[in-house]
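*Asks:* Sharing a structure, written as structure tokens. Questions coming.
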Amino acid sequence: MKNLLSIEELTAAQMQELLALGHRLKAERGHHAEQPLAGQTWALIFSKSSTRTRVSFEVGISELGGRPMFLSTRDIQLGRGEPIKDTARVLGRMIHGAVIRTFDQQDVVDFAAYSGIPTINALTDLEHPCQIMADLLTIEEQYGVGSWKDMKIAFLGDVDNNMGRSWMWAAKHLGFTLALAGPQQAMPSAATLAALDCPNIICTTDAAEAVRDCMVINTDTWISMGQEAEKGTKEQAFFPYQVNRELLSVAAPGHVVMHCLPAYRGYEITDEVLEGNAATIFREAENRLHAQKAILYTLAQH
Ligand code: CP
Ligand code: NVA
């Protein structure tokens with residue numbers, strides 16, 4: 001594995017290896033001697049805001065012996081129009097790896113191609129692969145490793161956003177049932193579903209149908225970064241997909257609710273449900289660190 005640009009391009013075996021390593025690195029945190037990034041500098045090139053991704057990568061790179069360098073596109077020439085392919089060829093001669101948060105997936109693909117150094121997608125408009133690896137790690141901790149085929153997971157709200165798409169590819173690779181519920185306007189396109197060709201992905205506009213008997217219920221903001229102008233027109237259609245106590249009454253006994261954060265209480269999730277599932281949701285946030293250390297470790301071996 002040279003880069004991590006999407007869940008789409010991973011195999012089930014690669015995902016399972018990353019998860020196994022994530023569990024090991026979590027268990028060994030603070031007392032493992034391996035420093036696979038020793039002597040290396042990894043740049044974090046971010047065009048969008050971040051709390052979890054930035055901090056977990058900076059800490060993870062340091063814990064693996066490397067040096068993180070945060071580069072906001074507000075400060076570097078990329079933000080003033082220098083092409084990504086030129087930025088990539090400059091940085092590729094100086095640093096050892098890159099973690100990129102941006103809008104267009106093509107930018108991370110181009111950076112990887114032109115820089116020649118390991119490149120990680122830290123969220124684009126297309127996918128959020130690092131978050132999904134942390135979410136899968138969290139679910140394995142909750143329900144045990146290797147239980148994917150029997151698992152029913154729901155994702156509610158803006159189901160064709162970066163999180164929804166990464167969930168869809170994870171369902172394709174690991175074989176769990178994924179029920180997506182949102183307004184018709186938010187449904188994945190026929191082309192997306194054809195590309196996935198995955199009978200275990202269910203799309204419905206009925207939130208209760210999606211949540212029925214689910215062990216894991218996920219949601220995310222209805223307004224992703226870069227979509228702020230759509231807030232007024234978009235929100236109203238999404239309220240039937242709010243994760244609240246009434247909706248969860250049809251979920252499987254012992255279910256958990258997950259959220260990648262940041263959460264907008266009173267919109268995609270109620271305060272009551274978020275606080276009731278805080279142990280899972282904040283462990284999910286912590287697992288960004290462990291899952292990403294597994295990704296960094298694996299890319300450093302290439
Ligand atoms: N979940 C997530 O990616 O959080 P940040 O935007 O804070 O990095
Ligand atoms: N879908 C959200 C995820 C934030 C972590 C966004 O892109 O803003």
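*Asks:* Give the number of residues within region 246-266 that are crowded, with 18+ Cβ neighbours inside 10 Å, part of a loop (DSSP other than H, G, I, E, B) and touching a Ser or Thr at 6+ places or on another chain (Cβ under 9 Å).
*Replies:* So the answer is 2.
*Asks:* What are the pairs, 6+ residues apart or on separate chains, where a residue within region 38-50 that is closer than 24 Å to CYS260 by Cα and hydroxyl-bearing (Ser, Thr, Tyr) has its Cβ under 7 Å from a residue that is more than 12 Å from ligand 2 (Cβ to nearest atom) and part of a loop (DSSP other than H, G, I, E, B)?
*Replies:* Every condition considered, the pairs that remain are SER47/THR73.
For every residue, the table says whether it meets (1) away from ligand 1 (no atom under 16 Å from the Cβ); (2) assigned to a helix (DSSP H, G or I); (3) among the hydrophobic types (A, V, I, L, M, F, W, C).
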site	(1), (2), (3)
GLN14	yes, yes, no
GLU17	yes, yes, no
ARG29	yes, no, no
ALA38	yes, no, yes
SER49	no, no, no
THR53	no, yes, no
GLU58	no, yes, no
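*Asks:* ILE95 fails exactly one of the following numbered conditions: (1) under 30 Å from VAL216 (Cα atoms); (2) at pLDDT 95 or above. What is the number of that condition?
*Replies:* (1)
*Asks:* With the requirement that a residue be out of contact with any Ser or Thr (no Cβ under 9 Å at 6 or more places or on another chain) and surrounded by fewer than 14 Cβ atoms within 10 Å (Cβ to Cβ), what does region 60-79 give you?
*Replies:* Scanning region 60-79 gives SER62, ASP75.
*Asks:* Would you confirm, using the coordinates I've provided, whether PHE282 is over 19 Å from the mean Cα position of the chain (by Cα) and either surrounded by fewer than 22 Cβ atoms within 10 Å (Cβ to Cβ) or free of Cβ contacts under 8 Å to residues at least 40 places away in the same chain (or both)? Write out each step before concluding.
*Replies:* Details: over 19 Å from the mean Cα position of the chain (by Cα): no; either surrounded by fewer than 22 Cβ atoms within 10 Å (Cβ to Cβ) or free of Cβ contacts under 8 Å to residues at least 40 places away in the same chain (or both): yes.
Against the criterion (over 19 Å from the mean Cα position of the chain (by Cα) and either surrounded by fewer than 22 Cβ atoms within 10 Å (Cβ to Cβ) or free of Cβ contacts under 8 Å to residues at least 40 places away in the same chain (or both)), PHE282 does not qualify.
*Asks:* In region 224-245, which residue that is more than 16 Å from ligand 2 (Cβ to nearest atom) and outside any loop (DSSP other than H, G, I, E, B) is surrounded by the most Cβ atoms within 10 Å (Cβ to Cβ)?
*Replies:* PRO240
*Asks:* For region 140-157, which positions are closer than 16 Å to VAL211 by Cβ and either charged (D, E, K, R) or in contact with a strand residue (DSSP E or B) (Cβ under 6 Å, 6 or more places away or on another chain) (or both)? Steps first, answer last, please.
*Replies:* Step one: list which residues in region 140-157 are closer than 16 Å to VAL211 by Cβ, which gives 151-157.
Across region 140-157, the qualifying residues are LYS152, ILE153, ALA154, PHE155, LEU156, GLY157.
The values are calculated or read from the model by the stated rules, or taken from the named source; none is laboratory data. No experiment lies behind these values; they were computed from the predicted model shown. Neighbour counts run over all protein chains shown; Cβ positions are idealised from the backbone, glycine included.
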